[in-house]
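Take this structure first; my questions come after.
All of the numbers you see were taken from the coordinates with simple rules; none came from a lab. Just so you know, these numbers come straight off a predicted model, no measurement behind them. Every residue, glycine as well, gets a Cβ built from its backbone with ideal geometry; the counts of neighbours run over all protein chains shown.
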Amino acid sequence: MSDRSLRVGLLSRLGPVLVLLLALDALACYLTALHFANLVYDRWLIDSTRSLAQAVRSENGRIEFDVPLVALQIFQFDEVDKTYFKVVSMQRGFIAGETTLPEDNTVPVNGIALSDATVDNKQVRVVSTRVAPAQTDDSVTVTIGETLIKRTTLARDILLAMVAPQVALLAITSLLSWVVVSRGLKPLTDLATQIESRDQNNLSPVPQTDLPREARVLAGRINELLARLGSTIRAQKRFVADAAHQLRTPLAAVMLHAERAQRAPDGETERDALRALHRSVERAGRVSQQLLALARTDPEASSAVELKPLDLVALARRVGEEWVPRAIKRDIDFGLVAPEVPVRISGDDRLLSELLSNLIDNALRYCGASGRVSVIVENGAQPTLSVQDDGPGIPEEERSRIFERFYRMPESPGDGCGLGLSIVDEIARLHHATVEVTAGSEGRGSRFTVVFRRG
């Protein structure tokens with residue numbers, strides 16, 4: 001994992017871009033300088049060509065090129081470049097100059113043609129013009145060529161003169177880039193400093209004032225993570241506290257009955273103690289199972305819930321069959337009322353089985369012997385799953401509290417720990433469902449109805 005800072009990373013990416021821009025600017029400057037150098041020297045060549053063309057005259061209908069040798073030497077004298085010329089008549093052919101210099105015979109009379117050529121393995125710039133002296137039907141093409149040393153030298157000098165300002169501009173741009181990037185990243189660096197200065201117990205939200213939009217998004221996500229982490233820690237502490245509180249009593253009873261069995265003076269007393277020990281262990285196991293179920297339905301566990309299509313009728317039949325032996329043992333009329341067709345919803349099979357098991361357990365526990373418990377599935381606009389009993393019922397003033405953790409109604413006849421209905425409520429919430437509590441059939445007992453969304 002690289003420890004390079006974001007500032008260095010941005011500047012390292014910006015640096016090559018600036019160098020590339022400098023190179024492109026230098027190339028543009030060179031081409032511009034070369035263009036204007038060519039423009040200046042081309043004008044000089046054009047003027048020279050026209051001056052040389054004035055030496056062409058007609059004498060008795062014959063083309064003559066009358067220029068003194070000294071004038072030609074002066075014309076061709078140049079300390080840097082070499083100058084070539086050529087005079088060609090359409091009728092007489094070559095008249096004077098350098099035979100290897102190419103001419104443009106297509107140039108119109110008094111016109112100018114510019115081109116590039118090679119003479120003696122040297123690149124030259126060539127200018128051609130054509131004249132038609134009076135009193136003759138002949139025409140003459142005058143051509144002048146010059147090597148490119150002065151042109152390239154001028155372009156190079158212009159480029160070198162611009163290098164220093166360009167390098168200075170690059171340095172200034174780099175410095176300004178460093179300042180701009182540093183100021184642009186300051187909200188992030190300040191945010192990083194705030195987070196680094198915290199200890200592991202500080203889960204308060206990160207301040208989002210004076211942050212740009214992108215940094216606010218990051219701070220918002222960090223605050224969401226801190227909130228979830230805080231909620232998870234609180235849920236963990238609450239679970240540990242609940243477990244310690246709820247397991248203390250049954251475990252103490254286990255110890256008591258175990259010691260009683262060890263000290264029993266006779267077999268009957270020992271069997272009574274062992275039966276009591278078995279009930280205490282069973283209660284401790286039931287409390288542990290419900291505590292774990294409650295932990296699985298904690299709000300932070302909602303991300304692990306997998307809602308898949310399932311059939312409420314099949315689920316009710318399968319879970320109900322598991323409780324038939326207990327209902328028979330207590331002589332309770334236990335039945336299922338459901339349509340013949342599947343009732344489809346989206347849910348987690350494991351959690352909904354836990355929900356229905358808690359409702360059935362609660363009904364069997366509080367329903368008297370020879371009572372009646374029914375599991376009811378209805379396929380309406382909103383599918384429902386209900387468990388109805390003909391027990392003592394729940395007073396209306398208590399119905400809003402029975403879903404609280406560890407709450408048990410005063411003088412409740414059951415031996416529950418007050419977690420079953422809380423688990424039902426949490427599982428329903430994870431399925432975006434609601435739990436309604438009403439009186440049972442003919443006003444007797446209770447009916448717990450879970451109303452689902454259509455899957």
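Once the Cα atoms of segment 6-156 are picked out, what are the Rg and Dmax in Å?
Over segment 6-156's Cα set, Rg and Dmax evaluate to 21.9, 88 Å.
In straight Cα distance, which lysines are under 19 Å from K122, not counting same-chain residues fewer than 8 positions off?
K82, K86, K150
Taking a virtual spin label 7 Å from the Cα of S231 along the C-beta vector, which residues in segment 419-446 bring their backbone nitrogen under 12 Å of it?
Flagged as within label range: 430.
While we're here: If you project the alpha carbons of segment 305-451 onto the principal axes, what extent comes out on each, in Å, largest first?
For segment 305-451, the Cα spread along each principal axis is 41, 30, 26 Å.
Using only alpha-carbon positions, what ratio does the radius of gyration of segment 113-164 give when scaled by 2.2 N^0.38 Å?
Compactness ratio reported: 1.74.
Checking the a/c ratio against 1.5 first, then a/b against b/c, what shape does the Cα gyration tensor give for segment 99-233?
Verdict is prolate for segment 99-233.
Run the paramagnetic zone check for L24: 7 angstrom along Cα to Cβ, then residues of segment 138-169 with backbone nitrogen under 15 Å.
No residue passes the distance filter.
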